[in-house]
Amino acid sequence: MNFTDRIGLQMYTVREESGKDFFGTLEKIAAMGYRNVEFAGFFNTPAEVLKDTLDRLSLAPVSSHVGMNLLRDDLDNTIAYHKTLGTRYIILPWAKTDTLDDVKEIAGLLNSIAPKIHEAGMELGYHNHAHEFRKIDGKYAIDILLELTERAGVFPEFDVFWIRIAGLDPVDIISKYGSRCRIIHLKDMKTAGEKQFAEVGSGIIDMKKIIQKGLEFGANYFIVEQDICDRPCLESVNISLNNLRVMAKELNI
């Protein structure tokens, strides 16, 4: 699989368009050339109907962000839905990690649900923001969480924007966790240290180094995400995809 086949889009980026016309938005994403999507909700769409649409559009539902309430309180139905779609990775997108007890609680949840998710042929991940890089007793909360969940096979989905907001180098963090990094979120930043989002390849984050390091450790997918777009969101995600295509040529990947 070459690099461009590993690029996906986090559908949260186009949430407003999806809310108006979910299937129409998926069609536009596919027409741009995206071949993978990561979901952040399904707008009450039956799994069989969505699967038929994805198959028709040649879009792979590689991953899905699923809130804690669903994972904790409706796991069986959540697994069944994603298994019907053919999703490979289920990811918890956010959790409170202010204290050691917070981290232990979320680790306990992930450890308890991982076996069922694995039995269904999927994997379980955790997506970071910046707050997981605050220290608790001298260690980053994310390190404690990933240490507590390593035996259960939980993987980190590192978001490079939030790592930079935390004042760290995404390349260092990806290198630290190596082959545990199944998916990397490519999210760019306008100005160093400020929460201003940019199209991938249009900001100050060195995406080429991140992509090279991710590929070195065998990352399977690189997911475009932009929390807030200054221009129409569909235009932004198209710019990100085209910038990544240029990078792929320059890196010969």
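What is the Rg over Rh value, at two decimals, for segment 2-108, using alpha-carbon atoms and the Kirkwood definition of Rh?
Numbers: Rg = 15.1 Å, Rh = 14.9 Å.
Taking Rg over the Kirkwood Rh, I get 1.01.
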Interchain or sequence-distant (5+) residues whose placed amide H lies within less than 5 Å of the amide H of Asp159 are Asn128, His185
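Checking the table Lys139/Lys190; Lys20/Lys83; Lys135/Lys176; Lys28/Lys190 against a 22 Å threshold on Cα-Cα, which pairs fail? Spell out each step's value before the answer.
On the way: Lys139/Lys190 29 Å; Lys20/Lys83 26 Å; Lys135/Lys176 17 Å; Lys28/Lys190 26 Å.
Those over the limit are Lys139/Lys190; Lys20/Lys83; Lys28/Lys190.
Per the Kirkwood treatment, what hydrodynamic radius in Å, one decimal, follows for segment 175-253 from the mean inverse distance over all distinct Cα pairs? Mind showing how you got there, number by number?
Working: mean 1/r = 0.0767 Å⁻¹.
Evaluated on segment 175-253, it is 13.0 Å.
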Alpha carbon centre of segment 64-116 versus segment 204-241: separation in Å?
-> 24 Å
Convex hull per residue volume in Å³, alpha carbons only, for segment 68-133 | 77 Å³
Calculate the length of the line joining the C-alpha centroid of segment 122-143 to that of segment 148-165, in whole Å.
-> 6 Å
Any idea what the alpha-carbon Rg over 2.2 N^0.38 Å comes to for segment 158-213?
-> 1.03
Take the Cα coordinates of the chain, assign each an equal point scatterer, and use the Debye formula without solvent to give log10 I(q)/I(0) at q = 0.13, 0.14 Å⁻¹.
-> -0.80, -0.94
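Bear in mind that the values in this text are calculations on the coordinates, not laboratory data. Predicted model only: the values in this text are computed from it and were never measured.
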